Amino acid sequence: MNEAWYLGIDTSNYTTSILALSEAGEILAESRKILPVESGKVGLRQSEAHFHHLQQFPTLFQHLTYQLSSSVSLSACRGIGVSIRPRPLAVSYMPVFQAGWSIACTLAAAWGNLPVVRTSHQENHLAAAEYFISRKSNDSPYIAVHLSGGTSDVLLVKKNRFGYRIETLGEGADLHAGQYVDRVGTAMGLPFPAGPHIEALAKSSAWSNENSLFSLPSSVRGSSMSFSGPCAAALRALDNGVETGIVARAVELSIANAVIKAVSHGIQLHPEVEEVVIAGGVAANQTIRQRIEYRLNKQFKNFHVYYAPVSYSSDNALGTAMIARNFIQKR
């Protein structure tokens, strides 16, 4: 009951997430809940998301502590990790992450002035993915792709004591991958977030060589992806009566093709890199995963593509807990 453990918190635009991690790195308990979005809308204003995080957190925390009650004591918590911004940049800011920061500071003070390790939502996703994969060399740099509702970044990543040293190779030029999916999904009448529903719709469609002639473009300049054009083309196709399942599959393939082009450019810039880690909610889509992995492995010899499990591609707090644990243990 006195085993040390660490708390992770992430309050994104989509989900309230908390997770408890043991001293040895075992997931002890977690609790998360998607933020409520009215039907027909494609997201929440920052003030609305902030409010819902504060509204949802007490119930999620109660659920977490109930799971922990048989294994560890709350007083044995050694530190808290929390994402305070979207990216690890001083200019990166979204008010929604202040909900998690406020909660983390309150809990840290109540539990005896525990250390609070600040990180970013992006690093949280990378750390969550790394938790489940075994790279050839954990010290070597790799290319990462962060695909979500607020990010379509291609990055050169190297681990360090504080989390990660990240160089941006390319970023979303306009609409991000998750926004693309959600706007098309909303036009189809699907619930928000639309990702899982787009995937299910695409799988249920009568896909054949004949209708595969319908496709959507993948717009990439260097390693920067643009999804506003493909989104507009998808919406036009729906207005013109193209079957929703066929459009859904075309959306998946256009995202996958954009990632392939963007990563290929990154590899050309950094030929010494032999690994790519793809994270974020959009990366949970199996069709997107399979196409990216197949094409990159075919194009580049001795190249490895890694993903987090589907449930940890979507927003979670595993990475924040991992980063806090690693940093505090090395102090």
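Once the C-beta distance of GLU272 and LEU89 is scaled by a Förster radius of 25 Å, the resulting FRET efficiency is 0.50 to the nearest 0.05.
The accessible area of ARG249, taken with all protein chains in place and a 1.4 Å probe, comes to roughly 40 Å².
In the structure shown, the pairs LYS41/LYS159; LYS158/LYS298; LYS203/LYS298; LYS203/LYS301; LYS159/LYS203; LYS203/LYS261 are assessed against 32 Å; a Cα-Cα span above that value is assigned to LYS41/LYS159; LYS159/LYS203.
Accessible surface area normalised per residue over the chain is 43 Å², counting heavy atoms of protein chains with a 1.4 Å rolling probe.
The charge dipole of the chain, taken about its Cα centre with unit charges on the Cβ atoms of Lys, Arg (+1), Asp and Glu (-1) only, comes to about 520 debye.
In the Gaussian network model of the chain, springs joining C-alpha atoms below 10 Å, which of THR15, THR244, THR59 carries the largest mean-square fluctuation? In this elastic network of the chain, the residue with the biggest mean-square fluctuation among THR15, THR244, THR59 is THR59.
Stretched out fully, how many nm does the piece from VAL242 to SER47 gain, at 0.36 nm a residue minus the Cα gap? Could the numbers behind the result be given before it?
Numbers: separation 195, 0.36 × 195 = 70.20 nm, distance 3.69 nm.
Extra length available between VAL242 and SER47 comes to 66.5 nm.
Measuring only protein heavy atoms, the 1.4 Å probe finds THR119 accessible over about 10 Å². Among GLN98, GLN286, GLN122, determine the one that fluctuates most according to a GNM of the chain built with springs between C-alpha atoms less than 10 Å apart. Checking each option, the largest mean-square fluctuation is seen for GLN286. Once you have a ≥ b ≥ c as the square roots of the Cα gyration tensor eigenvalues for region 90-139, tell me rounded if a/c is under 1.5, and otherwise prolate or oblate according to whether a/b is larger than b/c. In terms of gyration-tensor shape, oblate. Would you mind pulling out the separation of the Cα centroids of region 171-204 and region 94-133, in Å? With region 171-204 and region 94-133 each reduced to a Cα centre, they are spaced 28 Å. Scalar couplings 3J(HN,Hα) for region 59-71, obtained by applying the Karplus form with A = 6.51, B = -1.76, C = 1.60 to θ = phi - 60°, are 5, 5, 5, 4, 5, 5, 5, 5, 5, 7, 4, 8, 10 Hz; x denotes Gly and Pro. Using only Cα atoms and rounding to the nearest 10 degrees, what angle (0 to 90) does helix 286-299 make with the longest principal axis of the chain? The angle comes out near 80 degrees. The shape of region 56-171 comes out prolate: with a ≥ b ≥ c from the C-alpha gyration tensor, a/c is at least 1.5 and a/b beats b/c.
Across region 318-324, computed HN-Hα scalar couplings (Karplus, 6.51 cos²θ - 1.76 cosθ + 1.60, θ = phi - 60°) run 4, x, 5, 5, 5, 5, 4 Hz from first to last residue, x flagging Gly and Pro. Extending 7 Å from Cα along the Cβ direction at ASN138 and again at GLU38 yields two label points whose distance is 4.8 nm.
For region 194-309, the spread of Cα coordinates along the three principal axes comes to 47, 29, 26 Å, biggest extent given first.
Computed across the chain, the Kirkwood radius stands at 20.3 Å (inverse of mean 1/r, all Cα pairs). Once the Cα-Cα distance is subtracted from the 0.36 nm per residue extended length, the ARG161 to THR106 segment shows a gain of 17.3 nm.
The values are calculated or read from the model by the stated rules, or taken from the named source; none is laboratory data. Bear in mind that the values here come from a model prediction, so they are computed numbers and not experimental data. Every residue, glycine among them, receives a Cβ derived from its backbone with ideal geometry; neighbour counts consider all protein chains shown. Note: accessible area is taken over every heavy atom of the protein model, side chains too, but ligands, DNA and RNA are not part of it. Shrake-Rupley method; radii C 1.70, N 1.55, O 1.52, S 1.80 Å.
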